[in-house]
Amino acid sequence: MSDRLIELYPFFQGGMNEKDQETGNSELVSSVMMRFDAVRRRLSQIGDMHREVVTALRTFKTLKLYTNTKKRVGSVPGVDVGDIFFIRGEMALVGLHAATVDMEFIGVEDSGDREDKQIAVSIISSGKNADKTEDPDSLIFTGFGGTDKYHDQPSDQKLERLNIPLEAAFRKKSIVRVIRGMKDEKRTHGNVYIYDGTYMITNMWQEEGQNGFIVFKFQLVREPDQKPAFGIWKSVKNWKNDLSTRPGLILQDLSNGAENLEVCVVNEVDKENGPSLFTYVTSLHHEVINIRPMVDPCACGRRSCGPKSGSCACVQRNEGGIPYVDGVLVTRGPTVFECGGSCPCYVKCKNKMIQTGLKFHLEVFKTMDSGWGLRSWDPIRAGSFICEYAGEIIAKGDDEEDDYIFDTSRVYNSFKWNYEPELVGEDAMNKVFENISVSSSLVISAKKAGNVARFMNHSCSPNVFWQPISREENGLWCLYIGFFAMKHIPPLTELRYDYGKSRGGGKKMCLCRSKKCCGSFG
Ligand SMILES: C[S@@+](CC[C@H](N)C(=O)[O-])C[C@H]1O[C@@H](n2cnc3c(N)ncnc32)[C@H](O)[C@@H]1O
């Protein structure tokens, strides 16, 4: 995919008005993030993996698909403390941190003093500049300058250029947004950035740096009464090192070794000692679901099927190309076809996702008002596979008094998740399919036997969606239901999907507390 093509945008509609570009809100921020990621995913699927971020960012900047361009001190409308980002450019598109360097400043117009004309509003603590103390309430930020092109420190830092806005913020006691960057453990390269709220620079000093030259140090202290953000990451790190430090821990592994990662059970709310008994199974058991006779397994040999596997029959069934790139689902559609049991490719084949088990450390926990729920210790990138809906296939109508039903024939709220073709230089008439309807309805009960998915509660503003997945097993096409992240999900955020409604309307009262709650589900 050449960049020149994408500059044309012949049929592009759906731009943003100037007011929304200047000041956002949570809906706009979420929309910009989701549209951007959809375009990035598609570009990585059809083109050069290494340029997809640059091309997607350039497209969004050219078309002014961004919000919160008005620079400001303090919080940014629509961005919450704890929100996560996987690309620095995402923070620029939503106005959290637009500078390419680790500090952003704004001009102060009415200042008579030349040096106070700029004041720091945001810093990114990551990489070489990352705070080593890992204290969730304060951090030490190193100043700028004195480095050469090899990023060595061959001379002293001075109170000039980027250090001036930091010094001004210290002197004027102005608050600064802090973003902490950490290595993304799920990728070989890449960081995950967490917005840790506002801080105040309480001290600054000079000291001798590693190379013996003078560096500036700024101490920042977190403003009180903000919800924990980096603090949660610190706690998770400790729990991973020593599970016994997890408060409210009831059970170390609900799956009793059946999953490739432990699933702990936690109750910090009341005295209930765990969910009621059920048999833990990791997948859906198919007896005789013969959707259509087996055509061909792939002929890829003992390797991974991927974008370049032109001959892979399974990849070809997914008309847009390999469905997963860099571990995330690119688009939702009627069915995703994975390589199956008769395919000779190996277990780490890129076209095998939901059959390879959990990818994130999940926890079943007691919620305040909806029984047990599910959440992740790890940050989850949009499009990542979370879990399958495991259980027993039942006949429609056999689900009376069963709270653990998944039913493809319910009425689900529509939502937009896929990319816009014109933003990747594709024909705008080539509409991307978003309506998921399964030809033969599938009803799964996880009442007697199930996995972590049976604990996911309903929300009218979900952060998880379901996707039908098909693969060949024992010569038959079998259908499975995979759950994927709709957006980036910070650690310890409850995972919820839309349960849909029966044709006669929702049977249960909804307590999801979303602004868009429609009152009932199921
Ligand atoms: C599949 S189970 C989910 C796990 C369940 N919370 C548990 O404790 O085992 C579905 C049940 O969870 C509760 N639930 C799920 N979402 C809810 C919501 N938004 N509001 C109220 N209750 C909810 C209801 O009791 C529902 O019948």
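The values are calculated or read from the model by the stated rules, or taken from the named source; none is laboratory data. Remember, predicted model here, so these are calculated numbers, not experimental data. Neighbour counts run over all protein chains shown; Cβ positions are idealised from the backbone, glycine included. Remember, those area values only see protein heavy atoms, side chains included, never the ligands or the DNA or RNA. Shrake-Rupley method; radii C 1.70, N 1.55, O 1.52, S 1.80 Å.
Some values worked out for this structure:
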{"item": "Every pair of residues 6+ apart whose Cβ atoms lie under 8 Å, when the first sits in the range 246-258 and is more than 19 Å from residue 277 (Cβ to Cβ) and open to solvent by 50 Å² or more (accessible area, probe 1.4 Å) while the second is of a type outside the set (A, V, I, L, M) and in a loop (DSSP other than H, G, I, E, B)", "result": "247/268"}
{"item": "Qualifying residue in the range 461-477 (condition: at pLDDT 95 or above, among the hydroxyl-bearing types (Ser, Thr, Tyr) and crowded, with 22+ Cβ neighbours inside 10 Å)", "result": "no"}
{"item": "Of all residues in the range 367-392 being outside any loop (DSSP other than H, G, I, E, B) and among the hydroxyl-bearing types (Ser, Thr, Tyr), the one that is farthest from the ligand (Cβ to nearest atom)", "result": "384"}
{"item": "The lone exception for residue 521 - which of (1) open to solvent by less than 20 Å² (accessible area, probe 1.4 Å); (2) within 16 Å of the ligand (Cβ to nearest atom); (3) among the hydrophobic types (A, V, I, L, M, F, W, C); (4) over 26 Å from residue 359 (Cα atoms) it fails", "result": "(1)"}
{"item": "Residue count, the range 141-173 (criterion: in contact with a helix residue (DSSP H, G or I) (Cβ under 9 Å, 6 or more places away or on another chain) and among the basic types (Lys, Arg))", "result": "2"}
{"item": "Filtered residues of the range 483-518 (kept if open to solvent by less than 50 Å² (accessible area, probe 1.4 Å), more than 16 Å from the chain's Cα centre (by Cα) and away from the ligand (no atom under 15 Å from the Cβ))", "result": "505"}
{"item": "Matching residues, the range 420-457, being open to solvent by less than 20 Å² (accessible area, probe 1.4 Å), out of contact with any Gly (no Cβ under 9 Å at 6 or more places or on another chain) and part of a loop (DSSP other than H, G, I, E, B)", "result": "428, 442"}
{"item": "Test: residue 309 is modelled with pLDDT of 90 or more, under 19 Å from residue 472 (Cα atoms) and either in a helix (DSSP H, G or I) or open to solvent by less than 80 Å² (accessible area, probe 1.4 Å) (or both)", "result": "no"}
{"item": "Positions within the range 198-223 being part of a loop (DSSP other than H, G, I, E, B) and either touching a residue at least 12 places away in the same chain (Cβ under 8 Å) or open to solvent by 50 Å² or more (accessible area, probe 1.4 Å) (or both), in sequence order", "result": "209, 210, 211, 213, 223"}
{"item": "From 73, 81, residue being open to solvent by less than 40 Å² (accessible area, probe 1.4 Å), at pLDDT 95 or above and among the hydrophobic types (A, V, I, L, M, F, W, C)", "result": "81"}
{"item": "The one condition in (1) touching a residue at least 12 places away in the same chain (Cβ under 8 Å); (2) out of contact with any Pro (no Cβ under 6 Å at 6 or more places or on another chain); (3) within 29 Å of residue 128 (Cα to Cα) that residue 261 fails to fulfil", "result": "(3)"}
{"item": "Members of the range 9-68 found to be surrounded by 14 or more Cβ atoms within 10 Å (Cβ to Cβ), in a loop (DSSP other than H, G, I, E, B) and small (Gly, Ala, Ser), listed by number", "result": "24, 47"}
{"item": "Pick from the range 314-349, criterion surrounded by fewer than 22 Cβ atoms within 10 Å (Cβ to Cβ) and in contact with a Phe, Trp or Tyr (Cβ under 6 Å, 6 or more places away or on another chain), ranking: farthest from residue 417 (Cα to Cα)", "result": "317"}
